[in-house]
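The values are calculated or read from the model by the stated rules, or taken from the named source; none is laboratory data. Predicted model only: the values in this text are computed from it and were never measured. A quick note on method: Cβ atoms are made from the backbone with ideal geometry, for glycine too, and the neighbour counts reach across all protein chains shown. The protein model used for the area step is the full one, side chains on, heavy atoms only, and it has no ligands, DNA or RNA in it. Shrake-Rupley method; radii C 1.70, N 1.55, O 1.52, S 1.80 Å.
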Amino acid sequence: MSQITLFDDGSEHIDIDLPDGVLRYWPSLIPPLEASRMQALLQSQVAWEQSEITIAGQRRKIPRLNAWYGEPGADYSYSGRLFRALPWLPEFAELKQLVERITGAAFNSALVNLYRDGQDSVDWHSDDEPELGRNPVIASISLGAVRRFQIKHKMRRDLPLQTLELGHGSLLLMAGEFQYYWRHRLPKMKGLSEPRVNITFRQVTNSEKPLPVIA
Ligand SMILES: O=C(O)CCC(=O)C(=O)O
Ligand SMILES: [Mn+2]
């Protein structure tokens, strides 16, 4: 059974009952009007690109737009591609502060995704790149269209696939051994024409101080 907890500041969360990992969901962390304002700002301000990745030796464009922001040197690589952190936009400051306060974790970077409509998606994966360290804490904010977030245990075939609906202004926290034992995806959704912005705050641990600039 999932448990509902009410914080003293009114932000209600649900603990998803799972073995081998922590998944906690705040359905309405950000009030709808504020979430819509944030979504519009990010849709227009983020340096969106459609990245190409290499899977099994094949170059492919991913079915969504994304961008990587963070502190200097908080770079991140996956699927044969290095993402250099773009400097934080002012729009992220407030959101990062809120998420850090609610989760009690610190973040130095964020992967931002734009799913333009139901044809955009992210396939099964775990966020287990070495620079995230062991048992990363990842805080995922959803703005816009409600999308299905599915999880599947990597080893336990007896556990059914589970689906969560991530709503406008929600926060999903993935922590503990979740990335080690579980895969997640955001499947395509037929007939959906509305966009969704997703921000996953992360802490990359290999962030090196940038080399000093010598004139
Ligand atoms: O859009 C989402 O909710 C998930 C995105 C995701 O899993 C990722 O970018 O690693
Ligand atoms: Mn992910």
>> For region 79-89: of the residues being of a type outside the set (A, V, I, L, M) and not in a loop (DSSP other than H, G, I, E, B), which is surrounded by the most Cβ atoms within 10 Å (Cβ to Cβ)?
In response: F83
> With (1) more than 21 Å from W26 (Cα to Cα); (2) more than 15 Å from ligand 2 (Cβ to nearest atom); (3) among the basic types (K, R) as the list, and R101 as the residue in question, which single condition is left unmet?
Replying inline: (1)
> Can you find a residue in region 80-94 that is at pLDDT below 90 and aliphatic (A, V, I, L, M)?
Replying inline: yes
>> Exactly one of these conditions fails for F92: (1) in contact with a strand residue (DSSP E or B) (Cβ under 9 Å, 6 or more places away or on another chain); (2) assigned to a loop (DSSP other than H, G, I, E, B). Give me its number.
In response: (2)
> Which fully enclosed strands (runs of 3 or more DSSP E) of region 115-176 have 2 or more residues being surrounded by fewer than 19 Cβ atoms within 10 Å (Cβ to Cβ)?
Replying inline: 122-125, 147-153, 162-166
> Taking region 75-92, which residues are among the small types (G, A, S) and either over 25 Å from G176 (Cα atoms) or under 16 Å from the mean Cα position of the chain (by Cα) (or both)?
Replying inline: S77, G80, A85
> Checking R185 against (1) within 15 Å of ligand 2 (Cβ to nearest atom); (2) in contact (Cβ under 8 Å) with a residue 60 or more places away in the chain; (3) open to solvent by less than 10 Å² (accessible area, probe 1.4 Å), which test does it fail?
Replying inline: (3)
> What number of residues within region 96-114 satisfy the criterion of being over 12 Å from the mean Cα position of the chain (by Cα) and open to solvent by 10 Å² or more (accessible area, probe 1.4 Å)?
Replying inline: 10
> Can you pull out the residues in region 36-63 that are closer than 26 Å to G167 by Cβ and open to solvent by 20 Å² or more (accessible area, probe 1.4 Å)?
Replying inline: S36, R37, Q39, A40, L41, Q43, S44, Q45, W48, Q50, P63
> Identify, please: which residue in region 19-33 is open to solvent by less than 50 Å² (accessible area, probe 1.4 Å) and either closer than 20 Å to Q97 by Cβ or of a type in the set (S, T, Y) (or both) and is, among those, nearest to ligand 2 (Cβ to nearest atom)?
Replying inline: Y25
> Do we find that S142 is within 13 Å of ligand 1 (Cβ to nearest atom) and either touching a His at 6+ places or on another chain (Cβ under 9 Å) or free of Cβ contacts under 8 Å to residues at least 40 places away in the same chain (or both) in this structure?
Replying inline: yes
>> Return the residues of region 177-203 that are outside any strand (DSSP E or B) and within 15 Å of V22 (Cβ to Cβ); say none if nothing qualifies.
In response: E177, F178, Q179, Y180, Y181
